[in-house]
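Quick notes on the structure that follows.
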Amino acid sequence: MWLRTSCDMTFDIEVPTPFILMLRLRSGAQQWVASEEYRLRPHVPVFEFTDNYGNLCQRLVAPVGPFEVYTASDVLTADFVDQSPGAPFVEVEYLPEAVLSYLLPSRYCESDRFGEMAASITAGYTLGYDQVKAIETWLRNNISYLPGSSNIPVSAVEVNAKQSGVCRDLSHLGIALCRSLSIPARLVVGYLYGLEPMDLHAWFEAYIGGRWYTFDATQTEIKGGYVSIGYGRDAADVAIFNQFGPPVAPATQDIRVDLLSREGQ
């Protein structure tokens, strides 16, 4: 399906403030970016780089006063999310080097704390895809998804204790459970067509059978319309913006995902 995604954020800047933004989409195996617009008001010099996870990032210093960041893209993405029941577990010694970091505990995904719990949830399931599907189902049935309930990243241990959270929080717990079974897992931040209420979204991917698969415990059924912005070990790696100095939150934020014609017009 062809989608047009957009993110429009405004800030009230009190002192010159360094930012690192992560808002440009990249084409990849699951999406093709046909066109994009990136607008800053007022315009400031920008330096772009690629981080350790392949995400496009922009460095800039926002001047004092109103500051707007607007991005929009026309993207071709899959009508349906790939699923592969029975896809096999990949032994650690055969994993690509680029995937190995997604096996380890990280700031918000304390996978070393979930071995027994993950084994209990996945008992009796075939190693690999079916284990992750069991984790996704368990999250959906046991952790309450409460959109907008928190703006602060919460770790997997905290989510499990609270038994509730936003999309990012459920993903952190899913990632920790997967990694405790030696299944590489990573956080994805992006857009989802038809998400209610509309906002930026987070889900997780697990590496099974030689490729990454999408899992999302916040949705009653897995569907197409996912558009990825960034990948990382957890929320610390995939913030759409980091600012340095006195804290500043967006004064306004407008997220849109619209369906386009087949030709992307």
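What follows is calculated from the coordinates using simple rules that are stated; it is not laboratory data. Since this is a predicted model, take the numbers as computed values, not measurements. In this analysis, Cβ positions are derived from the backbone assuming ideal geometry, glycine residues included, and neighbour counts consider all displayed protein chains.
Cα-based values for segment 180-245, radius of gyration first and Dmax second, are 13.0, 44 Å. Here the extension length gained between residue 101 and residue 10 equals 29.3 nm, from 0.36 nm per residue of separation less the Cα-Cα distance. Protection proxy ranking for 91-103, 228-240, using the average of other Cβ atoms within 10 Å per residue and placing the highest first: 228-240, 91-103. Counting every other Cβ atom within 10 Å of each residue's Cβ, 172, 201 order from fewest to most as 201, 172. For the chain, find the longest principal axis of its Cα atoms and tell me its angle to the long axis of helix 167-180, 0 to 90°, nearest 10. For helix 167-180, the angle is close to 40 degrees. The alpha-carbon positions of segment 113-173 define a convex hull whose volume is 78 Å³ per residue. The convex hull of the Cα atoms of segment 92-224, projected and averaged over all directions, covers 7.8 nm².
The relative contact order of the chain, computed from alpha carbon pairs under 8 Å that lie at least 6 residues apart in sequence, is 29 percent.
The order of 4, 41, going from fewest to most other C-beta atoms within 10 Å of their C-beta, is 41, 4.
For segment 140-262, the relative contact order comes to 23 percent (Cα pairs under 8 Å, sequence separation of at least 6). Counting only alpha carbon atoms, the long axis of helix 129-142 and the longest principal axis of the chain meet at about 70°. Loop-located GluC sites (Glu not before Pro) in segment 10-52 (DSSP state not H, G, I, E or B) with no more than 14 neighbouring Cβ atoms inside 10 Å: 14. Temperature 10 °C, viscosity 1.306 mPa s: under these conditions the Stokes-Einstein estimate for segment 161-210, based on its Kirkwood radius over C-alpha pairs, is 134 µm² per second. Computed per residue of the chain from DSSP H runs no shorter than four, each worth -39500 (n - 2.57), the mean residue ellipticity at 222 nm is -4500 deg cm²/dmol. Listed values (i) 42; (ii) 54; (iii) 35 include one computed from this model; for percent of Cα pairs over 26 Å apart that value carries the label (i).
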